[in-house]
1. With respect to B:Thr3, determine if the residue is out of contact with any helix residue (DSSP H, G or I) (no Cβ under 9 Å at 6 or more places or on another chain), away from chain A (no Cβ under 14 Å), of a type in the set (S, T, N, Q) and without any contact (Cβ under 8 Å) to a residue 60 or more places away in the chain.
2. Taking A:Ile27, is it surrounded by 23 or more Cβ atoms within 10 Å (Cβ to Cβ), assigned to a loop (DSSP other than H, G, I, E, B) and within 14 Å of chain B (Cβ to nearest Cβ)?
3. Within the stretch A:152-174, is even one residue farther than 27 Å from A:Gly127 by Cα and either free of Cβ contacts under 8 Å to residues at least 24 places away in the same chain or within 14 Å of chain B (Cβ to nearest Cβ) (or both)?
4. Give me the residue from the stretch A:46-100 that is part of a loop (DSSP other than H, G, I, E, B) and hydrophobic (A, V, I, L, M, F, W, C) and, out of that set, modelled with the lowest pLDDT.
5. Quickly run through the stretch A:238-285 and pick out the residues that are buried (at least 20 other Cβ atoms within 10 Å of the Cβ), touching a Ser or Thr at 6+ places or on another chain (Cβ under 8 Å) and within 22 Å of A:Ile42 (Cβ to Cβ).
6. Within the group B:Val29, B:Val62, which residue is more than 22 Å from the chain's Cα centre (by Cα) and over 28 Å from A:Gly62 (Cβ atoms)?
7. Considering each residue of the stretch B:41-52, count those that are in a helix (DSSP H, G or I) and within 10 Å of another protein chain (Cβ to nearest Cβ), and give that number.
8. From A:Gly229, A:Gly242, A:Gly201, grab the single residue that is more than 14 Å from chain B (Cβ to nearest Cβ), small (Gly, Ala, Ser) and touching a residue at least 40 places away in the same chain (Cβ under 8 Å).
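The values are calculated or read from the model by the stated rules, or taken from the named source; none is laboratory data. From a predicted model like this one, the values you see are computed outputs, not experimental measurements. Note that each Cβ is placed from the backbone with ideal geometry, even for glycine, and that neighbours are counted across all protein chains shown.
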Amino acid sequence: MKNYDLVIVGGGPAGLAAAVSARDHGIDSILIIERDKELGGILNQCIHNGFGLHTFKEELTGPEYASRFIEQVEERGIEYKLNTMVMDIAASDASSANGTVTKTVTAMNREDGMFEIQAKSVILAMGCRERSRGALNIPGYRPAGIFSAGTAQRLVNMEGYMPGREVVILGSGDIGLIMARRMTLEGAKVKVVAELMPYSGGLKRNIVQCLDDFGIPLKLSHTVVDIEGKNRVEAVTIAEVGPDRKPIPGTEERYTCDTLLLSCGLIPENELSRSAGIDINPVTSGPVVNDSLETSVDGIFACGNVLHVHDLVDYVSQEATAAGKNAAAYITNGAAKDAKSVEIFPVDGVRYTVPKYIRPAEMDDTLTVRFRVDAVYKNCSIATYFDDTLISRRKRPVMAPGEMEQVILDKKKLGEFPDLSKITIRIEESV
Amino acid sequence: MSTRELTCIGCPLGCALTVTMEGDTVTAVTGNTCPRGDAYARKEVTNPTRIVTSTVRVKGGVFPMANVKTAADIPKDKIFACVEALKDITVNAPVKIGDVILPNVAGTGVDIVAARNVAAN
């Protein structure tokens, strides 16, 4: 059996940044395991520009952003295995002198078959996947021609295949909007984008530059009520929905088309985490983590879209950098002492926070807490309370579910509250 | 006098902008909440530009496609001419990020450059 200090599951933006950071914090024995045939993850199919504005101060395409991190991994000589799938992660009872618990990672590929690796620490960086038709309960036949937007993106941008010629898109998340433009540029006719919610989950910039630029209509509060065609999609019917999100009879419109793309949300991919016994937050579908991004299992950390779905890859890289540093500290110094932990409660419009727990004694000098809101809020504030004391209130002209928000916690300030029992983050009307 | 309606892309607020024009001259921008909206509206009605990204086929590479982009933004009305010019292009591997794939695309003075590395097979 092979031994590594750190095994990173996933070679996308999160895994790459975590590996670079762990190496830069003194860990030499690192293995990245990637199931695709190259590093870079989903960025490789995201050929549009706009990545890296925060990290590199320029607008890169997805593959360019990925290549910057792949180069850093190569320069440092960090080991990686491609075409390799992790099947299981298990924490053993054995612990080393400094208290790190050994994990066994079971993986397989065509060359080595099934094999086991022992690691002192594991970073989960598996990313997320798209919500499928089966999860959406769309009535109608099950013909060919129904794709998730991300599948269509891979086919067009990486494999060189066009999924269809006349397209209806359900869901106005950024991937759906980006694909509306991409299919149009490749000669398809995108007839309509239907969105169940009364607002789009995508960025304004994408609505303008992917839909308005090409005269593609966006129908808010609409959903697909029928798919026609037995062998191939022949038509799709959409209808307006009421406040209860149920279709309103009499509002149906039929679009002839050969393709339906679904852009209806992303789900962190946590089968491995669950089988490892890691606690999952039902709101994010990602692991519950503390200030060091450590899950409920000692020495297993999580970052990127497997932890919670991000809006910008720059934030994934930042989070993964922290996870790499924290895993390095765990490997070097052993498990943290049983420090007092305080829970962060998301209320009044705040859906969740990452992290969910902080340890005032162990945390860095400042800690970025990220979250999303549950609806569009205009002229409201993000308020943070330590028990019942208001600590900060920051005005935000607009907040939307499609964009992550953040609060920065200060260790010094926390030190003034030695008996702190809870932290609350809420949305308040501005006064 | 004419008016145009735009959605500002400066931030999630997405202000509904109304631009009033006298011929080719902007006489007023309303609906914006901040100066960015004003600047965006003036550029968008007088000289709208976009970065265009697409793909070209690759021969003899480890991947069949390489993505490409305009090295700078080009006039919005040249987008389709730009992708049309790329339609039949096949390049030979290896491809390196920054390689010029097509100079002066659609007469814009802007080059199409590779945005992905593809090693030779």
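1. Yes; evaluated as a whole, the condition is true for this residue.
2. no
3. no
4. The extreme case among them is A:Ala97.
5. A:Leu261, A:Leu262, A:Ser263, A:Pro268, A:Asn270, A:Ser273
6. Going through B:Val29, B:Val62 in turn, just one is more than 22 Å from the chain's Cα centre (by Cα) and over 28 Å from A:Gly62 (Cβ atoms): B:Val29.
7. 1
8. Checking each option against the conditions leaves just A:Gly229.
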